[in-house]
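The structure under discussion appears below in the form of structure tokens.
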Amino acid sequence: YNIDELKQLFEFEQPEEAFAKAYLTWGNTFADKFNGDFAAVIIDFIQQTVLLVRDHIGVRPLTYSIKDDLLVFASHEFGIAKSNLVDNSLSYSSLIRTFFYTSNIQKYNLTVFQNINKVIPGYLLKIDSDQKYYKYWEPEKIKIDHNLTFEVAVCQIRKLLVRSVKIRVNKGTIGAHVSGGLDSSGVAAILADNLHDKGCLKCFSWSPKESAIKIGALNEKEF
């Protein structure tokens, strides 16, 4: 979403080219220069390394498995499991941990398969003769402004939220999830305020069919 800013630093036509040039410019911390949702794999033939990286909070999935000298990667762990290129045995401890919340400690790299892992959001995974993670996003180092008033904070958050919604708008039909909650309603309201053609905005909910609602499922449409 910051293409114009990046084009002031180097020339590129496609996102793939931007990622390659950013890596050559900034090395292992290059992903922090991108404002967007992404998952990327870079093969560095000179350094004989493979780099796997996800966006800051992990909107785009990216999974991988290593067997001897074979690296398999895909958007989702089930894509790797179905390939039968690696052992796809289930990890029962991970299943129990995930579905029964047996631990408060999150392990973002685990999947339900023993030999398939997820790339951790906000990190770059470098694979050569070894595997090493590099943390490129460090939100814990954000400086605290003790002089910031509540009113100014609200104003700044509102501007950032409106801007973040507007830069994600593409041409054509725009879909917005409306559950009745504050977050989805706020995003839909911002879209409605900033679209010239409000007819292109289509709102939806994940509510099941009427038969399922009758047995206790939440009906978002009521909100």
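Which residues, counting only those in segment 130-148, are surrounded by 11 or more Cβ atoms within 10 Å (Cβ to Cβ) and free of Cβ contacts under 8 Å to residues at least 24 places away in the same chain? Let's see the steps before the verdict.
Taking segment 130-148 and keeping what is surrounded by 11 or more Cβ atoms within 10 Å (Cβ to Cβ), we get 131-137.
Scanning segment 130-148 gives Lys132, Tyr133, Lys135.
Of the residues screened, Asn104 is one that is at pLDDT below 90, out of contact with any Cys (no Cβ under 9 Å at 6 or more places or on another chain) and not in a helix (DSSP H, G or I).
Going residue by residue through segment 98-111, is there one that turns out to be open to solvent by less than 90 Å² (accessible area, probe 1.4 Å) and touching a residue at least 40 places away in the same chain (Cβ under 8 Å)? The answer is yes; a qualifying residue exists.
On the stretch given as segment 35-73, residues that are open to solvent by less than 30 Å² (accessible area, probe 1.4 Å), among the charged types (D, E, K, R) and under 10 Å from the mean Cα position of the chain (by Cα) total 2. I'm trying to understand the selection: among the residues of segment 32-68, which are over 22 Å from Asp128 (Cβ atoms) and among the polar types (S, T, N, Q)? Result: Asn35, single match.
Residues in segment 43-100 that are closer than 25 Å to Phe30 by Cβ and of a type in the set (Val, Ile, Thr): Ile43, Ile46, Thr49, Val50, Val53, Ile57, Val59, Thr63, Ile66, Val72. Checked across segment 160-170, the condition of being open to solvent by 40 Å² or more (accessible area, probe 1.4 Å), touching a Leu at 6+ places or on another chain (Cβ under 8 Å) and closer than 25 Å to Lys221 by Cβ holds for at least one residue.
Output the qualifying pairs, or none if there are none: Cβ atoms under 8 angstrom, residues six or more apart or on different chains, first residue in segment 149-178 and among the small types (Gly, Ala, Ser), second residue open to solvent by less than 50 Å² (accessible area, probe 1.4 Å). As it stands, the answer is Gly172/Cys200; Ala176/Ser184; Ala176/Ala188; Ala176/Leu191; Ala176/Leu201, since those pairs meet every condition given. Candidates in segment 109-121 are the residues that are in a loop (DSSP other than H, G, I, E, B) and more than 16 Å from Thr29 (Cβ to Cβ); of these, the one that is nearest to the chain's Cα centre (by Cα) is Asn109. On inspection, Lys126 does not qualify as closer than 22 Å to Gln48 by Cα and open to solvent by 60 Å² or more (accessible area, probe 1.4 Å).
Is segment 205-223 home to any residue that is in contact with a Phe, Trp or Tyr (Cβ under 6 Å, 6 or more places away or on another chain) and open to solvent by less than 50 Å² (accessible area, probe 1.4 Å)? Scanning segment 205-223 turns up no residue that is in contact with a Phe, Trp or Tyr (Cβ under 6 Å, 6 or more places away or on another chain) and open to solvent by less than 50 Å² (accessible area, probe 1.4 Å). Report yes if Asp193 is open to solvent by 100 Å² or more (accessible area, probe 1.4 Å), of a type in the set (D, E, K, R), more than 29 Å from Trp26 (Cα to Cα) and under 23 Å from the mean Cα position of the chain (by Cα), otherwise no. Taking the combined requirement at face value, the residue does not satisfy it. Filtering segment 74-87 to residues that are open to solvent by less than 20 Å² (accessible area, probe 1.4 Å) and under 21 Å from Ile42 (Cβ atoms) leaves only Ile80.
From the list Ala22, Ala31, which residue is without any contact (Cβ under 8 Å) to a residue 60 or more places away in the chain, surrounded by 12 or more Cβ atoms within 10 Å (Cβ to Cβ) and outside any strand (DSSP E or B)? Can you show your working first?
Details: Ala31 fails: without any contact (Cβ under 8 Å) to a residue 60 or more places away in the chain.
Among Ala22, Ala31, only Ala22 is without any contact (Cβ under 8 Å) to a residue 60 or more places away in the chain, surrounded by 12 or more Cβ atoms within 10 Å (Cβ to Cβ) and outside any strand (DSSP E or B).
The values are calculated or read from the model by the stated rules, or taken from the named source; none is laboratory data. Here the structure is a predicted model, which means the values were calculated and not measured. Neighbour counts are summed over all protein chains in view; Cβ atoms, including those assigned to glycine, are modelled from backbone coordinates with ideal geometry. What goes into the accessible areas is simple: the full protein's heavy atoms, side chains included, and nothing from ligands, DNA or RNA. Shrake-Rupley method; radii C 1.70, N 1.55, O 1.52, S 1.80 Å.
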